[in-house]
1. Report whether or not C:D509 is acidic (D, E) and open to solvent by less than 10 Å² (accessible area, probe 1.4 Å).
2. Condition test on C:I601, is it open to solvent by 10 Å² or more (accessible area, probe 1.4 Å) and part of a helix (DSSP H, G or I)?
3. A:L296 versus (1) away from chain C (no Cβ under 14 Å); (2) within 22 Å of the chain's Cα centre (by Cα); (3) part of a loop (DSSP other than H, G, I, E, B): which is the lone unmet condition?
4. All but one of (1) more than 16 Å from C:G679 (Cβ to Cβ); (2) within 11 Å of another protein chain (Cβ to nearest Cβ); (3) buried (at least 21 other Cβ atoms within 10 Å of the Cβ); (4) not charged (D, E, K, R) hold for C:G594, so report the exception by its number.
5. Determine which single condition A:G163 fails, assuming it passes every other condition in (1) of a type outside the set (D, E); (2) within 19 Å of A:E42 (Cβ to Cβ); (3) part of a helix (DSSP H, G or I).
6. Keeping to region A:210-248, report how many residues are under 16 Å from A:T196 (Cβ atoms) and not in a loop (DSSP other than H, G, I, E, B).
7. I'd like the full set of residues that are among the polar types (S, T, N, Q) and facing chain A (nearest Cβ under 7 Å), limited to region C:597-615.
Amino acid sequence: MSPTLAGILFIGSLLLALAVCFKPLGDYMYRVYSGTRHSAVERGIYRLLGVDPDGEQRWGVYARGVLAFSVLSVLFLYALQRLQDHLVLSLGMKAVEPSSAWNTAVSFVTNTNWQSYSGESTMGHVVQTAGLAVQNFVSAATGMAVAVALVRGFARSKTDTLGNFWVDLVRGTIRILLPIAFVAALALVAGGAIQTFAGHGTWTTLTGGEQTFTPAAAASQEAIKNLGTNGGGIFNANSAHPFENPTAWTNWLTIFLLLVIASCLPRTFGRMVGDNRQGHAVVAVMATIFAASVALTHWAERSAGGTVPQAIGAAMEGRETRFGVSDSAMFASATTLTSTGAVDSFHDSYTALGGGMLIFNMLLGEVAPGGTGAGLYGMLVLAVVTVFVAGLMVGRTPEYLGKKIGAREIKLASLYLLVTPALVLAGTAVAMATATGRAAMLNGGAHGLSEILYAYTSASNNNGSAFAGVSVNTPFHNTTLGLCMAFGRFLPIVLVLALAGSLARQAPVPASAGTLPTHRPQFVGMVVGVTIILVALTFLPALALGPLAEGLL
Amino acid sequence: MDRLPSWLRRHIAALRALLVLTVVTGIIYPLAATGVAQALFDDHANGSIIEQDGKAVGSSLVGQSFTDADGDPVRTYFQSRPSAAGYDPTSTGASNLGPEDVIDTLPHGSDEGRQSLLTQVCARSKAVGELEGVSGARPYCTSDGVGAVLKVFPDRAVSVNQACPATPFVAEYQGRRVECARPGEDYATGRTVPVRGDVTTVRVPADAVTASGSGLDPHISVAYAELQAPRVAKERDLALDQVKALIDEHTTGRALGFMGEPAVNVLELNLALDRR
Amino acid sequence: MATHVLESPNQAPAPKKDSRMGGGLLDPKQMIRSLPDALRKLDPRIMWRNPVMFIVEIGAVFTTALAILDPSWFAWAIVAWLWLTVVFANLAEAVAEGRGKAQAATLRAARRDTTARRLKARDPGQWDVVAAPELKQGDVVVVEAGEIIPGDGDVIEGIASVDESAITGESAPVIRESGGDRSAVTGGTKVLSDRIVVRITQQPGQSFVDRMIALVEGSNRQKTPNEIALNILLAALTVVFLVATATMQPLAIYSKSVNPGVPDSLALNADGVTGIVLVSLIVCLIPTTIGALLSAIGIAGMDRLVQRNVLAMSGRAVEAAGDVSTLLLDKTGTITLGNRQAAEFVPVAGVTERELAEAAQLSSLADETPEGRSIVVFAKERHGLREREIHGAAWVPFTARTRMSGVNLDGREVRKGAATAVMKWVRDAGGHPTDDIGHLVDGISASGGTPLVVAEKGRVLGVIHLKDVVKEGMRERFDEMRRMGIRTVMITGDNPLTARAIADEAGVDDFLAEATPEDKLALIRKEQEGGRLVAMTGDGTNDAPALAQSDVGVAMNTGTSAAKEAGNMVDLDSNPTKLIEIVEIGKQLLITRGALTTFSIANDVAKYFAIIPAMFAALYPGLDALNVMRLASPQSAILAAVIFNALVIIALIPLALRGVRYRPSSASKLLSRNLYVYGLGGIVVPFIGIKLIDLLLQLLPGMS
């Protein structure tokens, strides 16, 4: 079988698997978030939390719940790292530096999982499992909760309330993430991923050298790291590391995991608004962007443009032999089109245009299919803006799913779309304007600019992957990137919840022949167009001086 | 609790939620996963350790370098790929050098200099070629194993990766005389022109000249293994076919026929050789 | 019941022009005349209200300063075109406003110099003379033939013919009388005959004419909800592009520094992109096209209504018209012609049709109502009975008591009228009408017609079938509405049977029979509860609550003050069909905004392809691949983009004023068409435009 055909089958089988899961998992998640019954375990948890699971929350209360939970999570994670030397099972690791601890805490709470540290030499068992992995669960569940709250805004009418954050958080964690993660963890171990709480292992190699490996509960963390689109690996090499991602098929499974929830949430959305076609339209937008992006990245990587890839004859620098160029490119596309940021190959060594596509994927706001929850709400905000422009063009006050898109809705949606670009560009500009900022570059010239652009793009969009040559474990970068992650996560969440609140209050407008249909290919095409054109227009100057300058020769 | 202000109640609920979920997802979940994993797949869960004579010699998933104390290849072993981590599992990672990293900083005085990715590729290709007795030539590489890159000025051109007194890989570029590079001189204002050259057949495979992502890649491509087979056979006095059969034995094909690339596990292959 | 027909409803004047969208020609002279206004609007205190153009103005000032400090041919050319961009935007608004000003001037003339004779008490003999603006609400004035009515009010005494041409442009005088639905008079109109006493209903300075002047001038134009939302989106886009260009600077400085061999250029030096080029880029990227035309579109939308003799009291109402999903239409005058027409003569047994026709015609000869005329005409057409000049006939007119009319001629008495009334008359005269007649009457009623029984003294001859005649083209119109997603509901006082028959014939979606004002109000509330926006017309005082409740309430100018106050639009032509046009104008207004926004944003693609290579291709020659237009030089590329950006504003002013073409059709089709024209067109046109401008520019010195 030719590598090209194998690559196509690899992508095709992933899409097929996602398509198979779309309905059952989407419907299951619909039942999780719409059900009124609480299981015995959950009732126990709510009692421990001291919350009334049937108490509905207004958007402000919901948002304050998200923020309170996240702030405490940051503090907890920070404390855990700073006190690491006093913890058991810490494998002799020292306390983490303050700026790095802050950066890591924010990074994991915001579902970014940007890692300015090297896992195997910094974090012991307790910080990994009871600190970082916990956030892998709850930050993903938070994203899903916010998405569900927004969908409720569309689905409900004439009400102030959007559901209960604690219930959504607990249900998302316990009913969706935990069971899938558990099965996936065992599958990964079956493939060869390690899962142990033992101490360091050492052996003498055949030629007399010594190798020491850092043991970890890698499989359990790897499963949720991808399922929750987190991306923060146990080891520095992340999913390229054979203990995290040992075989070609675990590689497939990993990609599948990081796409599956975000790809199926549109079905949940369709069910919740009572019109499955709307969910299909959203997933069609995601699939279109996904397909185009994957195709372009594959083309760039397989044609191995650029001096060094041409000298090598294939874009193999930074790739694992067992994955090869195609599957690595697929992983890279998937990890940047979602907010995962796990890597099974090193993006810094990608071809200029291939690496540029990865940056572009993130700049799209990670909506195809995006992070767990974050992808759906990002896509819905884009749909709102599209509906506004398109709605005007059919001569009516724009409506989406029966809700009028008026001044308040547009204000919130516009601010949402403003936040991330502003953070990306301001962060990049500040770093590029200061000697400290520029000192982080490994590569020179246009590629160095791409490294900085990638870093702030990744942080602001809560991705977490990097052009990893960049050395950002400095107070300057830890702080600025931390701020980008925090604002890039929570400002959009607050805006989305405010939008949800505003939509929920409205009475629905019945659809008629004069209403813009939002389930047809026409609308799908328009959302795709708006998304791509908006991003291209905003970032073309920066992209021109980075990836394009390097790649167009 | 009801008398507390609402913000405080909220934060207490948040703290409790965090603690409860930490117990569920941070303690119960990994322990349960470990328990089941250890029960079902203890070999995998503990790192797929390979033992020889009761002693651990490595992990089938973690690559090793088969070099001697001086860093030279041990000729009786198949060689792994280059590694940015030096096959040290405690500092995994890649080179992270970009596709246009083509200009070296030549050693100069106390400055040790820096090899560009292009020069690293060229140098590895040359070295592998020499080791295996084939041509190590590649596009964009000079015959002395550095990147073939010119800095072009209005009146001259400099082959920046070839430190004087080397002979530049071309004598003339578009009417300009090509000079060798003097370490320490600043050529920044020149236009960078990598020169492809006329190499058409490349004998050294791509994975032999590139560092992997993890720095622990346990595999090499089938092509690289086959390139090394004659040398190993000769060094070990084995028939080439025997070695090739071993390579086949330790080649993992694409999973389900389409996932990944066929790859040869170097440690297992070398162990199999040793066992013969 | 059936004799309603004899009360003539308001005869609506035919629309004066083609009711389709169109018109709104742009006069170049108007542009020149508006130029001083456009320049006056450069005042920053006025400019800041339009944030997008205000940024362009700041950019123009900044580049002017730069050009003074470091003059070059290129710099001054950019400066000039940036200023032109701002002026063009102001011109668009000034032209739109200018069109209303002429109209306002005529109206002002009507208001000027009026005095009023204010009655001191209800004693008609005692009055004092005051200036019209001093009149207060509740004052009572007397107006005689030849005088101008000093303010808006209701006639409380007398009847007069009034010339309302100053407002409606309709030269035929109209009758205004106390009581009923024709009691409202408008200040500035002229009494032609008789004498009326009017109670003033307006506040000082708030007269209809005052409001009209304000509206057509657009002076206190409030932004409408969609306009506000669009402004927010445009502001956000502007901020995004400001950020994108501002943050480009450190990147450009770095890129320049890592390519030390590249000489400084007009566009880029060690300090990054030069100020002039940076401002050019910003101006090209921010949505100037729609920003410049937005207020002109709004003003022109109101203006289009005014051209159709409709006054909207708020822009909000015009926008709401585009959103209407339920249209309540009065049957009479809107769906059907204002009158019923004879369609059949149905004789009773023993009477020939011709006999009946002759009697019917005879009884109607003196009947000047449209129904009466139609009987005469029908008899002539169907049975060849010519109108006769008859002498010595005693005409018996219709009265509300007898509910029949007819003629006594040579001892022969013929009557026609409501079945019950005529039958009673026959019985009273000793006749014995058969059951047969009852069946005929019921049959006609059931089919939606109106039966008029014709009888001679003591003998019933038969029944005239009067039919409501649905206006030509109504069915097509309603089909169109349905495609636009608008539900039409016919309101009628008829019984459900009749109503259903007419509803079916006209093709409306629903009907409300035997409608009382309360029923109407309830229907509107029900529709609104379901999230629908309702539009209706009305004229009577009892329509006022429904008009006030509806989202778009169009009051007829002939109607009462109460109705006019309650509605949010007034139709000066008093043509109920105009509701449909109003909906179209509302839609057209929104479509124009959406289309030009799309066009404006789509334009950015080409501008990037012009400017980015111009700035950076010297650093990275590969970026010249983006110069797909193969523009001659960086200077000409940047200047061409700026010039195109300015010219496109001027080029689109006519479109902004006229509104984009609107054909009623489904949302999907509309969107496809507008996407192709304004989306795809918006991407393609600037590539062509910039290239053409560049071809011209490269002939100039200093451009290569």
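1. Criteria not met by C:D509.
2. yes
3. All conditions pass for A:L296, except number (3).
4. Unmet condition: (1).
5. Against the list (1) of a type outside the set (D, E); (2) within 19 Å of A:E42 (Cβ to Cβ); (3) part of a helix (DSSP H, G or I), A:G163 comes up short only on (3).
6. The number of residues fulfilling the criteria is 8.
7. C:T597, C:T598, listed by residue number.
Okay, residues lined up against (1) in contact with a strand residue (DSSP E or B) (Cβ under 8 Å, 6 or more places away or on another chain); (2) modelled with pLDDT of 95 or more; (3) closer than 26 Å to A:G469 by Cα; (4) buried (at least 22 other Cβ atoms within 10 Å of the Cβ):
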{"position": "A:L150", "(1), (2), (3), (4)": "no, yes, no, yes"}
{"position": "A:K158", "(1), (2), (3), (4)": "no, no, no, no"}
{"position": "A:F182", "(1), (2), (3), (4)": "no, yes, no, no"}
{"position": "A:A217", "(1), (2), (3), (4)": "no, no, no, yes"}
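The values are calculated or read from the model by the stated rules, or taken from the named source; none is laboratory data. A quick note: this is a predicted structure, and the numbers were derived from the prediction, not measured. Note that each Cβ is placed from the backbone with ideal geometry, even for glycine, and that neighbours are counted across all protein chains shown. Heads up: the accessible areas ignore ligands, DNA and RNA and are worked out on the full protein's heavy atoms, side chains in. Shrake-Rupley method; radii C 1.70, N 1.55, O 1.52, S 1.80 Å.
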